[in-house]
Amino acid sequence: MKISLTVNGTAHSIEVEPRTLLVDVLREQLRLTGTHVGCDTSQCGTCTVHVAGKPVKACSMLAVQADGQDVTTIEGVAKDGVLHPMQAAFREHHALQCGFCTPGMIMTALSIVERHKGEPLTDEPLTDEMVRKELEGNFCRCTGYQPIVAAILAGAKATV
Amino acid sequence: MHNFNYHRPKTLSEASEIFSGAEDAVYLAGGQTLIPTLKQRLRQPSDVIDLSHLAELRGIAVEKDAVVIGAMTRHGEVAASADVRRLIPALAHLAGEIGDPQVRNLGTLGGSLANSDPAADYPAAVLALGATIHTPTRTIAADDFFTGLFETALEPGEMIVKVSFPVPKRAAYMKFRNPASRYAVAGVCVADTVSGVRVAVTGAGPYAFRQTEMETVLSKSFTPGALAGIAVSEEDLNSDLHATAAYRAHLVGVMARRAVEALI
């Protein structure tokens, strides 16, 4: 069946099977290979993309479920060749070693910053503890998370 | 994943018609259990009926003495709802502890209840708060809803439209979660309601159940100490690689005590 997706601001009309996963459309059909498949069992979060502004695991969503919606992947984060402040913070704070989890980490990080700007969650400034809880759906097997948390806190300050 | 026919009904009756006309149909809510299940080929439905375009299944409304939540409302929406946080903070807390943020952006209340996973969180709140499950044709009391491991009182093809949660005087949910899956190894919801104290357990048995012994003692004295004399039986509780039945029985006592401690 035919679905329409607006991915990183570009409208696409795409032929998919009902069983096609969103992550496979992004990677195989649109060749946006920045979104990774890690565990493929909705645990690790490397496949995190934004659908209608919210982070979801693209390996656990059918492409047909995203029909008609806006999708943002890691390729849509930098603007005009300039890294987003969150990406710059990851580089500055050495928040990656192998880099496999990084696209998912950054997509989640952008959502954390967005949701902690104000209501409904909280007006309090983002803390180390809050970031760690928010990162429950993203695994990193290299860094031990310390520099990722530092980067997200720094990226949050730089983004606001 | 095996292929299937995909449907996107616009009305409840259209959804029911597609279901009854199909060989082996399944409803798709948020898909956070169903899609992994299909990927593992543990199920092979002929037809998948996506409920996400049914407006009457969405939304959170405050009615007289109750919060009514549409079946397709995402966990993240319940957790962030100002109304739920104000009137039943235990329910908002529970929703915010399900899985992880990405899962909460897709997973739904109705999907969780209809699946009756033994380790799901929502069943504990539905039972403890004495909620009412609404389907297109009838209402089902929480006490009658959970009937077995992955089994409920829903008939084939019958879907949940909304769930009405009476506002309790006070309630708390405590869970001991599996650190990897974040499912409840044991979770206890204690609610002090207009119809008395209700205690419901999830994660420990084949399906959510009420712990009437605890309800009796807490009705007399709503204190952590009142629970001290209760030895939760391990009979009929789950044993798996995560926890033995004896350990789960112990955890039920600990989680119940913590819930009461949080309320006094």
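Read-outs: derived from the displayed coordinates by stated rules, not from any lab. No experiment lies behind these values; they were computed from the predicted model shown. Methodologically, a virtual Cβ is constructed for each residue, glycine included, from the backbone with ideal geometry; neighbour enumeration extends over all protein chains shown.
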Return an integer: the convex hull volume of the alpha-carbon atoms of region A:52-160, in Å³ per residue. 117 Å³
For region A:2-76, what does the relative contact order come out to in percent, with C-alpha contacts under 8 Å and a separation of six or more? 40 percent
In Å, descending, principal axis extents of the Cα set of region A:1-83: 37, 29, 21
Along region B:201-207, what does the Karplus equation 6.51 cos²θ - 1.76 cosθ + 1.60 (θ = phi - 60°) give for ³J(HN,Hα), rounded to whole Hz, x for Gly and Pro? 10, 10, x, 8, x, x, 7
Measure off 7 Å from each Cα along the Cα-to-Cβ vector at B:ASP236 and B:LYS169, then give the distance between these two points in nanometres to one decimal. 2.8 nm
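Over region B:5-50, what number does the Rg to Rh ratio reach, with both radii from the alpha-carbon atoms and Rh per Kirkwood?
On the Cα set of region B:5-50, Rg over Rh gives 0.97.
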Of the candidates B:ARG58, B:ARG86, B:ARG177, which one comes out as most mobile in a Gaussian network treatment of chain B with C-alpha springs shorter than 10 Å? B:ARG86
Per residue, how big is the convex hull of chain B when only Cα atoms are used? Give it in Å³. 120 Å³
Neighbour net charge for B:ALA184 - beta-carbon separation under 12 angstrom, K R +1, D E -1: +1
At R0 = 22 Å the Cβ-Cβ FRET efficiency linking B:ARG43 and B:LEU149, nearest 0.05, sits at 0.90
Select from region A:1-60 those trypsin sites (Lys or Arg not before Pro) which occupy a DSSP coil region and have at most 10 other Cβ atoms within 10 Å, ordered by residue number. A:ARG31
Short version: ³J(HN,Hα) in whole Hz for each residue of region A:90-98, in order, from phi by Karplus 6.51 cos²θ - 1.76 cosθ + 1.60 (θ = phi - 60°), x for Gly and Pro, what are they? 4, 5, 4, 9, 6, 7, 8, 10, 6
Relative to chain A, whose Cα atoms define the longest principal axis, helix A:102-115 and its Cα axis are tilted in degrees, nearest 10, by 70 degrees
Relative to 2.2 N^0.38 Å, what does the C-alpha radius of gyration of region B:127-264 come to as a ratio? Two decimals please. 1.07
By a straight-distance test (C-alpha under 24 Å), which lysines pair with A:LYS133 as possible cross-link partners, with residues fewer than eight away in the same chain excluded? A:LYS54, A:LYS57, A:LYS117, A:LYS157, B:LYS175
Counting helices only, and only those DSSP H runs with n ≥ 4, report the 222 nm mean residue ellipticity of chain B as the sum of -39,500 (n - 2.57) divided by its residues, in deg cm²/dmol to the nearest 500. -8500 deg cm²/dmol
Over 19 Å (Cα to Cα) - which of B:LYS64/B:LYS169; B:LYS169/B:LYS220; B:LYS10/B:LYS64 fall in this group: B:LYS10/B:LYS64
In chain A, if the dipole is taken from +1 on Lys/Arg beta carbons and -1 on Asp/Glu beta carbons about the Cα centre, which of A:LEU83, A:LEU153, A:LEU135 is farthest to the positive end? A:LEU83
Computed FRET value (nearest 0.05) for A:HIS94 with B:ALA55, which takes r as the C-beta separation and R₀ as 56 Å: 0.75
Gaussian network model of chain A, Cα within-10 Å springs - most flexible of A:LEU22, A:LEU110, A:LEU62: A:LEU62
Using only the alpha carbons of the protein assembly as shown, determine the length spanned along each of the three principal axes and report them from longest to shortest in whole angstroms. 68, 53, 43
Check cross-link reach from B:LYS162 to the aspartates and glutamates: straight Cα distance under 18 Å, and skip same-chain residues fewer than eight apart. B:GLU14, B:ASP50, B:GLU56, B:GLU63, B:ASP65, B:GLU77, B:ASP83, B:ASP121, B:ASP143, B:ASP144
Stretchable slack from B:THR139 to B:ALA246, in nm (0.36 nm times residue separation minus alpha-carbon distance): 34.9 nm
If you plug each phi of region A:12-22 into the Karplus form 6.51 cos²θ - 1.76 cosθ + 1.60 with θ = phi - 60°, what whole-Hz ³J(HN,Hα) values come out, in order, with x for Gly and Pro? 10, 10, 10, 8, 9, 7, x, 7, 5, 7, 4
